[in-house]
Amino acid sequence: MCTDLIASQKKTSALTSECLQWKNKYTAMSSDYQKEKQEVSELQGEVAQLWEQLKQQSEFGSSLGAATATLLWRVSRNQESIAALLGGSQVEEFLGLTGSTVVSYVEAYPDSDWPSADTDESRFILALCGTVTNVAASAYGRDYLMGSENGLRLVDTFLSFLSQAPLHKSAKIKSLMLMGLYNLSINNKGVQYLMNKPGTLSLLAWHLTEETNGENRINTLRLLQSLVAECDGNTPAQFLQPIPRRLLQTLSNDHRNKQIADLASDLLSDLDAIGAEH
């Protein structure tokens, strides 16, 4: 009996010792956990602070970029300043930056998240495109753009934007792009580049049909008329087939916008003249 008691006491003592060990381990682990929890909390605070700083810096950068690009846009309205702008060492970088920025802008936003026109990013894109359009408004600028690889890529980018950007959104940006393309079509190399670009007339015909903004339609009609002016009796009939004659007839009778009506009527006359030569 005494032996059993002693054995039981030893077993109880061993269990007590083991329990104490587990308790000490738990206490240590609990302490470590609290320290790690505190460290994680501090790190989360630092991340939140850094994120807020990054957000502020991004907003400042966007605001500064929009303001700077807008100033450049205004400067480029002066024809005398265009030669100075194009004579700088950074002009190719500017053209490449404009193209890549426009591409990123389209790729970054699905239709539902398309930014409004009053955001800094939208104003930045608008000012960049406006500057290019002003450059293309001068003979020297047109020659430069059509002789530059980055200039040609920018033409492709403008056409892609017209086809990819959501309908009825970014009307001002699209209108500026159409004006720029029209300016380039005055140049012999420019009009040939656009004419030889597969799908150009189809894109413009689609744009005229789907984009009902008045300014967009005016600039689309001007560009179409400029391209059609290069056609003659030797131009294949199927080349001009995408142009929507029925819509042009409707627009030519639109008394709400005389400019659209006149442009549509003139374009119909040009198409009839080409048809008579066939």
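Of the residues making up segment 220-239, those that are closer than 27 Å to residue 168 by Cβ, of a type outside the set (Ser, Thr, Tyr) and open to solvent by 10 Å² or more (accessible area, probe 1.4 Å) are 222, 225.
Among the residues of segment 180-211, those identified as more than 16 Å from residue 240 (Cβ to Cβ) and open to solvent by 60 Å² or more (accessible area, probe 1.4 Å) are 186, 188, 189, 192, 193, 210. Anything in segment 240-264 that is more than 32 Å from the chain's Cα centre (by Cα), open to solvent by less than 50 Å² (accessible area, probe 1.4 Å) and not charged (D, E, K, R)? List them, or say none. Correct list: 252 only. The helices (runs of 4 or more DSSP H) found wholly in segment 64-160 and carrying at least 2 residues that are farther than 18 Å from residue 172 by Cα and open to solvent by less than 30 Å² (accessible area, probe 1.4 Å) occupy 79-86, 91-108, 139-146.
The values are calculated or read from the model by the stated rules, or taken from the named source; none is laboratory data. Keep in mind it's a predicted model, so treat the numbers as computed, not measured. Cβ sites come from the backbone with ideal geometry, for glycine too, and all protein chains shown count toward neighbours. Quick note on the areas: whole protein, heavy atoms, side chains included, nothing else; ligands and nucleic acids left out. Shrake-Rupley method; radii C 1.70, N 1.55, O 1.52, S 1.80 Å.
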